[in-house]
1. Along each of the three principal axes of the Cα atoms of the chain, give the extent in whole Å, ordering the values from largest to smallest.
2. Using the Karplus equation 6.51 cos²θ - 1.76 cosθ + 1.60 (θ = phi - 60°), what ³J(HN,Hα) coupling, rounded to whole Hz, does each residue of the stretch 85-96 give in order, writing x for Gly and Pro?
3. Would you mind working out the accessible area per residue for the stretch 46-146, using a 1.4 Å probe, and quoting it in Å²?
4. Of all DSSP beta bridges located in the chain, what percent are antiparallel, nearest 5?
5. In 5 Å bins starting at 0, how do the alpha-carbon pair distances of the stretch 157-205 split up by percent?
6. Within the accessible area of the chain, what % is carbon and sulfur when the probe is 1.4 Å and the other protein chains stay in place?
7. Treating the stretch 120-205 as a set of equal point scatterers at the Cα positions, no solvent, please give the Debye-formula log₁₀ I(q)/I(0) at q = 0.19 Å⁻¹.
8. Keeping all protein chains in place and using 1.4 angstrom, which order do D36, D122, D11 fall into by accessible surface area, from largest down?
Amino acid sequence: MKVGVLALQGDVREHVNSLIACGVYPRTIRRIEELDNVDALIIPGGESTTIAQLAEHYQLLEPIKERIAQGMPAYGSCAGMILLADRVLDAIEGQKTFGGLDITVRRNAFGRQVDSFESDIDFLDGENEKVHAVFIRAPWVEETGNEIATLASVIAPDGTTHPVAVRSATLLATSFHPELTGDYRIHRYFIEELARPALISRGVR
Ligand code: GLN
């Protein structure tokens with residue numbers, strides 16, 4: 001399986017290392033020919049507005065959108081979650097996303113008091129142990145469409161509960177950054193539960 005990491009801005013190297021730790025040889029993606037050559041894509045954390053602008057500049061925005069719409073498995077962490085979302089609240093004017101995931105996200109949702117924080121949270125992959133989740137100016141999910149499953153949630157300072165990990169058949173998004181913790185469970189989940197089944201069903205191994 002060839003998994004690309006979109007390498008325009010953000011924590012590319014950390015995702016590359018996580019994939020290597022999962023036994024997958026990663027490819028960094030900056031050009032369309034490189035995108036054409038991968039079966040699945042990771043969109044790193046960073047700054048969603050910058051990544052979208054660079055993607056447009058490198059003429060990757062529409063091709064990535066198209067690949068996702070055609071069923072290419074993709075995983076986005078933090079800014080990557082925003083970039084996979086169909087709808088973004090508190091976006092800058094004209095902010096673009098690749099979309100594909102029927103969710104509404106709110107950028108920088110946790111506000112200034114808890115700009116960045118860490119928390120051990122349940123992740124619904126069948127394992128009992130909690131995942132150590134690092135949130136950095138993170139979004140949360142405000143609304144999910146019918147086909148979306150919530151895999152993890154957190155309680156915000158105002159007492160409301162918000163999804164922070166969601167998936168569809170082919171797309172996974174987390175508000176937090178598993179690539180920063182050295183725990184490869186989320187990457188493994190993406191590879192084994194989303195990417196591999198999608199590829200096997202299309203005859204790619
Ligand atoms: N707040 C950033 C954005 O809107 C995301 C932060 C992150 O990826 N750590 O893109």
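The values are calculated or read from the model by the stated rules, or taken from the named source; none is laboratory data. Since the model is a prediction, treat every value here as computed from it, not as a measurement. Cβ placement follows ideal geometry from the backbone for every residue including glycine, while neighbour counts extend to all protein chains displayed. Heads up: the accessible areas ignore ligands, DNA and RNA and are worked out on the full protein's heavy atoms, side chains in. Shrake-Rupley method; radii C 1.70, N 1.55, O 1.52, S 1.80 Å.
1. Its Cα atoms span 46, 41, 32 Å along the three principal axes.
2. Rounded to whole hertz, the list is 6, 6, 9, 10, 9, 6, 7, 7, 4, x, 4, 9.
3. Details: 5010 Å² over 101 residues.
Ligands and nucleic acids excluded, the figure is 50 Å² per residue.
4. Numbers: 19 of 37 bridges.
Roughly 50 percent of the DSSP beta bridges within the chain come out antiparallel.
5. 5, 18, 22, 20, 14, 12, 5, 2, 2, 0
6. Details: 4220 of 9470 Å².
Answer for the chain is 45 percent, counting heavy atoms of protein chains only.
7. Log10 I(q)/I(0), no solvent term: -0.90.
8. Details: D36 105, D122 85, D11 20 Å².
From most exposed to least exposed: D36, D122, D11.
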